[in-house]
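Novice: Questions regarding the structure given below will be posed in turn.
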């Protein structure tokens, strides 16, 4: 009876997934923007269809392996919440001010950029898409907020198995929850830092509006992106410790490849797609569009489609790597 139910649920899931994939592929193919370069649009469509096809193949052949991890995370949600809070508190255990240090860091960072760029260099307003101009401090902070979380969460997620190696060796403990614990722990500071960003926006005259609500969407996007990448990196780093140094150098390089300190609009249109292949570009630009750009995420059709296809593919690959390596973690650690 259970086997029949399992087969039925699998058939329903795969049917719904392929219908959604087909609909997305058709939208991608027939969507046209008259203002966009035809060659760039064609390249986007080809890349998008390829990613959709790869995701469909992975889901078809490795459905059982891919669904085990989400089910484990759902069943362990209460334990994940408790351990994430404990992990956050543990960082500052023994210090007099405790978690105040975690909240002080983003405030000091913003104050530093304010003094350097607004007072010392007296930076002019930063032009953004649509002819809108905003103070450079607000432009910069809106890019730094998601990047700081991505950098910290990816690093902590990568080292989660190494840090909790004593739990990895326990037979009955579900080690699949360890990366998400570190990522949720980093989220506490990120939420506070986002609050600081909103305060800065208000100071410069950008008051709350309906577009601010989609910050929740972009925070969710970033969370899933980091989680998808962390399952692959935390599994690989157990066997290849040099990956930590590679990630550290890679983050420095990608920070400059992401439009955080510079404006994406300065890049010629025919080369913009190269920088948009970086999924963090979607997040950073999304934060800015939410705060002062006044545009919805679904208005950026190609970027949204590419991002979610990338995340699905990354999650599938990360899950496969994690599950295949799982049996050897205890031996190596």
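Values in this text are rule-based calculations from the coordinates and carry no lab data. In this text the structure is predicted, and so the values were computed from the model without any measurement. For neighbour counting, all protein chains shown are included, and Cβ atoms are generated from backbone atoms with ideal geometry for every residue, glycine included.
Novice: Could you tell me the relative contact order of the chain? Use alpha-carbon pairs under 8 Å, at least six residues apart, and round to a whole percent.
Specialist: 25 percent
Novice: Another question, if that's okay. Neighbouring Cβ atoms within 10 Å as the yardstick, rank 233, 305 fewest first.
Specialist: Taking fewest neighbouring Cβ atoms as first place, the list is 305, 233.
Novice: Given the DSSP H assignment, sum -39500 (n - 2.57) over each helix run of at least 4 residues in the chain and divide by its residue total; what's the result at 222 nm in deg cm²/dmol, nearest 500?
Specialist: Rounded to the nearest 500, it is -24000 deg cm²/dmol.
Novice: For volume of the Cα convex hull per residue in Å³, one of (i) 162; (ii) 132; (iii) 196 was computed from the structure I shared and the rest are decoys. Which label?
Specialist: It is the value labelled (i).
Novice: Also: Say we join alpha carbon atoms closer than 10 Å with springs in a Gaussian network model of the chain; which of 53, 220, 286 then has the biggest fluctuation?
Specialist: So, out of 53, 220, 286, the one fluctuating most is 220.
Novice: Shifting gears a bit: Say we join alpha carbon atoms closer than 10 Å with springs in a Gaussian network model of the chain; which of 232, 25, 16 then has the biggest fluctuation?
Specialist: Fluctuation is largest for 16.
Novice: Can you put 151, 9 in order of Cβ neighbours within 10 angstrom, beginning with the fewest?
Specialist: Placing the least packed residue first, the sequence is 9, 151.
Novice: So, R0 is 45 Å and r is the distance between the beta-carbons of residue 108 and residue 62; what FRET efficiency does that work out to, to 0.05?
Specialist: Efficiency, rounded to the nearest 0.05: 0.50.
Novice: For a quick check: sort 49, 316 by the number of other beta carbons within 10 angstrom, fewest at the front.
Specialist: Going from least to most buried by this count: 49, 316.
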